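Read the structure below first, then the notes.
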Amino acid sequence: MPETPAPRPQIDFGSKVGVFWANDHWPTPQVQAVAREIEDLGFGSFFYPESGGKDSITLAAALLPATERLVVGTGIMNIFARHASIAEAGARTLAAVYPGRFILGLGVSHAVGLQRRFGLEVPKPLAAMRGYLAEMADLPAFVEKEVGRPPRILAALGPKMIALSGEAADGAMPYLVTPEQTQNTREILGDDKWVITEHAVAFEGSEAEIDAAAGLHLDSYLRFPNYRNSWLRQGFTEDDLVPGGSGRLKRALIGLGTLDAAVEAVNRQLQAGADHVVVQVAGNGPTHDPRPSLRVLAQALGLQRA
């Protein structure tokens, strides 16, 4: 059985708002430069997904020394991409060198991707995660013995995975959720666990460009049953789950249309119980540069520049 964790570990967020950015299509030296600007703008963290491109642990090892205070998090690292002991050892090493600045985010990925990349028959997600966490706990204590287990959060949409993120990890990372779902996550986890919520924004360009960016963003997830089921649980219907998402779905999941709407979306997530919100700029494709929007958003949120 996975060990029962102590109350949540310290994470040294410089502010309550961070950034989520998929950067596989960018050279890592450029990503380091973007991370430095994100830090300079006053954002408290930089999270990124693992979608089959860059290795999450290696990327964190590049970003942490390129910045001074920025918290770096995997959002989310695929548990089927590496053995549990390797993931735990890598995370302990980063936590030892950069205490309070690294978060290991873990998830079970998606059936389509697992079959394509690894030829895996899809296991039951909850059992797979529970077993993986138990294997991580088996790494000998002498590995970075002064560090202990680094902060660990789970990609958790359904109530059982949310509960596991409190039982065997340090919290959850709700993704593409309404503030009401963030509140639900907080109620399940209580006050002693981290809730780090992602929320997308799209507010620069013409109305048509903003709508297209929002639709492109949602299209990336509409094909996955776990997200569709999550949205149905949150009160949406099949009529909302059309290509690009309905207008109602876009407005609920994305700070859409104006800078004021983006700021309001972030604040609503914080008011709903998120400890930290990571904003994701919805753009026109994988090479989209998020910095113009982030510069404007940082000022509007009153983040403190370095």
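Laboratory data are not the source of any read-out in this text; all were calculated from the coordinates shown. None of these values were measured; they are calculated from a predicted model. We place every Cβ from the backbone using ideal geometry, glycine too, and count neighbours over all the protein chains shown.
The modelled label-to-label distance between His83 and Asp219, using points 7 Å beyond Cα along the C-beta direction, is 4.1 nm. Across the stretch 18-30, computed HN-Hα scalar couplings (Karplus, 6.51 cos²θ - 1.76 cosθ + 1.60, θ = phi - 60°) run x, 10, 10, 8, 7, 10, 4, 8, 10, x, 4, x, 5 Hz from first to last residue, x flagging Gly and Pro. Taking a ≥ b ≥ c as the square roots of the eigenvalues of the alpha carbon gyration tensor, the stretch 147-306 is oblate, as a/c is not under 1.5 and a/b does not beat b/c. If the segment from His25 to Asp260 were pulled out straight at 0.36 nm per residue, it would be longer than the present Cα-Cα gap by 81.6 nm.
Around the amide H of Gly171, modelled in the peptide plane, lie the amide H atoms of Leu154, Trp194, all under 5 Å away and 5 or more residues distant in sequence or on another chain.
For the stretch 45-53, backbone phi angles converted through the Karplus equation (6.51, -1.76, 1.60; θ = phi - 60°) give residue-by-residue couplings of 7, 9, 10, 8, x, 10, 10, x, x Hz, Gly and Pro being listed as x.
Here Lys160 is the anchor, and the lysines within straight C-alpha reach of less than 24 Å, apart from those fewer than 8 places off in the same chain, are Lys124, Lys193.
Here the spin labels are modelled as points 7 Å beyond Cα on the Cα-Cβ line, and at Ser246 and Glu135 they lie 4.1 nm apart.
Between Asp239 and Arg295, what is 0.36 nm times their sequence separation minus the Cα-Cα distance? Round to one decimal in nm.
On the way: separation 56, 0.36 × 56 = 20.16 nm, distance 3.53 nm.
Answer, rounded to one decimal: 16.6 nm.
Starting from the Cα of Glu207, step 7 Å toward the Cβ, then list every residue of the stretch 225-257 with an amide N under 14 Å from that point. Zone members listed by number: 257. Taking amide H as placed 1.01 Å from N in the peptide plane, Gly255 has its amide H under 5 Å from the amide H of Ala200, Val201, Ala202, each at least 5 places away in sequence or on another chain.
Tell me the mean residue ellipticity at 222 nm calculated for the chain from its helices only (DSSP H runs of n ≥ 4, each -39500 (n - 2.57), averaged over every residue, nearest 500). Intermediate values should be presented prior to the final figure.
On the way: 12 runs with 136 residues, N = 306.
Using -39500 (n - 2.57) per qualifying helix, the result is -13500 deg cm²/dmol.
Across the stretch 241-255, coupling constants 3J(HN,Hα) worked out from phi with the 6.51/-1.76/1.60 Karplus curve, θ = phi - 60°, read 9, 8, x, x, x, 5, x, 5, 5, 4, 5, 7, 9, 10, x Hz, and Gly and Pro carry x. Please compute P(r) over all alpha-carbon pairs of the chain, binned at 20 Å starting from zero, and give each bin as a whole-number percent. Cα pair-distance distribution for the chain, in percent: 35, 61, 4.
Calculated FRET efficiency, Asn284 to Ala62, Cβ-Cβ distance, R0 = 30 Å: about 0.70 to the nearest 0.05. For a paramagnetic label modelled at 7 Å from the Cα of Ala128 toward its Cβ, which residues of the stretch 188-223 fall within the zone defined by backbone nitrogen distances under 12 Å? Within reach of a label on Ala128, which here means backbone N under 12 Å from a point 7 Å along Cα→Cβ, the stretch 188-223 contributes nothing.
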